[in-house]
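S.K.: There's a structure below that I have some questions on.
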Amino acid sequence: NYNDTEQTIFSFAIRFYAWSVPMFSEEKMCDTRNAHFDVGYHFSKIKKEIEAILFDVSDVYELIPKVEKILIRNYNIKHENTLVLQAVEKILRSRGTLLVGELKNNLHISDRQLERLFREYVGVTPKSLASMVRYQYLWNDIIFCEQFDIQDAVYKYGYSDQAHLYHDFKKYHSMNIADAKRYALQNVEKIQECYGDL
């Protein structure tokens, strides 16, 4: 009887850091920024392997280790690029404040070469990646620092002034800082209420 059948529905997603995608992808990252693709376009082998086990598991906790094994099997070290990984490390260490000029000088390569490598392996320019990293660090501070101070953040993240910071934040978040923080914390409370017993 259909009514007696217990059905389990859960959502599952794999989140990659932008610079790690090429190690699992079958295609280069050129022209992928702000684009939407079927998962099979870049990850057809991984997609096929995951689909083969989806109906054999009853919950997400059983699925995670199986998918991890699939990802490890499909990791392609030939798709790593040392210069890109070094550049990403420098961007992360600087919390996104490192200028592209400093980056190319540190790596001893030309602007053109750096841009080409990032387009191929990351899908965005070094400047765009640095800007996104800076925004993520700023957002983390806004949410988790009880005494967040906008002027300190302007200095810490290398913005020219407060207006520059506000404009940059809104570019990524589509709302101002106060509204974004209120919205985020309100949703965290709702999630905690729903899943408090887990």
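S.K.: Determine whether Lys28 is surrounded by 13 or more Cβ atoms within 10 Å (Cβ to Cβ), in contact (Cβ under 8 Å) with a residue 40 or more places away in the chain and not polar (S, T, N, Q).
M.R.: Yes: the conditions hold for Lys28.
S.K.: Condition (residue is within 22 Å of Met29 (Cα to Cα), in a helix (DSSP H, G or I) and open to solvent by 70 Å² or more (accessible area, probe 1.4 Å)) applied to the range 47-55: is it met by at least one residue?
M.R.: Within the range 47-55, one or more residues are within 22 Å of Met29 (Cα to Cα), in a helix (DSSP H, G or I) and open to solvent by 70 Å² or more (accessible area, probe 1.4 Å).
S.K.: Scan the range 163-175 and give yes if some residue there is among the hydrophobic types (A, V, I, L, M, F, W, C), more than 30 Å from His36 (Cα to Cα) and at pLDDT 95 or above, otherwise no. Spell out the reasoning first.
M.R.: Step one: of the range 163-175, the residues among the hydrophobic types (A, V, I, L, M, F, W, C) are 163, 165, 169, 175.
Those left that are additionally more than 30 Å from His36 (Cα to Cα): 163.
Narrowing the set further to residues that are at pLDDT 95 or above leaves 163.
The answer is yes, given that some residue of the range 163-175 is among the hydrophobic types (A, V, I, L, M, F, W, C), more than 30 Å from His36 (Cα to Cα) and at pLDDT 95 or above.
S.K.: Something else: Name the single residue, out of those in the range 146-163 being open to solvent by 70 Å² or more (accessible area, probe 1.4 Å) and hydroxyl-bearing (Ser, Thr, Tyr), that is farthest from Val100 (Cα to Cα).
M.R.: Of everything passing the filter in the range 146-163, Tyr155 is farthest from Val100 (Cα to Cα).
S.K.: Return the residue satisfying two criteria in turn: it lies in the range 56-69 and is surrounded by 14 or more Cβ atoms within 10 Å (Cβ to Cβ) and under 14 Å from Ser11 (Cβ atoms), and of such residues it is modelled with the highest pLDDT.
M.R.: Quick first cut of the range 56-69, residues surrounded by 14 or more Cβ atoms within 10 Å (Cβ to Cβ) only: 57, 63, 66-67.
Of the ones still in play, those that are also under 14 Å from Ser11 (Cβ atoms) are 57, 63, 67.
Working: Val57: 86, Leu63: 91, Val67: 94.
Result: Val67.
S.K.: I'd like the full set of residues that are of a type in the set (Gly, Ala, Ser) and open to solvent by 50 Å² or more (accessible area, probe 1.4 Å), limited to the range 74-114. Please lay out each step first, then the result.
M.R.: Here is the first cut: in the range 74-114, the residues of a type in the set (Gly, Ala, Ser) are 87, 94, 96, 101, 110.
The one that is of a type in the set (Gly, Ala, Ser) and open to solvent by 50 Å² or more (accessible area, probe 1.4 Å): Ser110.
S.K.: Could you identify the single residue in Tyr159, Tyr155, Tyr75 that is at pLDDT 90 or above, of a type outside the set (D, E, K, R), farther than 27 Å from Asp31 by Cα and part of a loop (DSSP other than H, G, I, E, B)?
M.R.: Numbers: Tyr155 fails: part of a loop (DSSP other than H, G, I, E, B); Tyr75 fails: farther than 27 Å from Asp31 by Cα.
Step by step, each of Tyr159, Tyr155, Tyr75 is checked, and only Tyr159 is at pLDDT 90 or above, of a type outside the set (D, E, K, R), farther than 27 Å from Asp31 by Cα and part of a loop (DSSP other than H, G, I, E, B).
The values are calculated or read from the model by the stated rules, or taken from the named source; none is laboratory data. Model, not experiment: these values are computed from the prediction. A quick note on method: Cβ atoms are made from the backbone with ideal geometry, for glycine too, and the neighbour counts reach across all protein chains shown. These area figures cover heavy atoms from the full protein model, side chains too; ligands, DNA and RNA do not enter into them. Shrake-Rupley method; radii C 1.70, N 1.55, O 1.52, S 1.80 Å.
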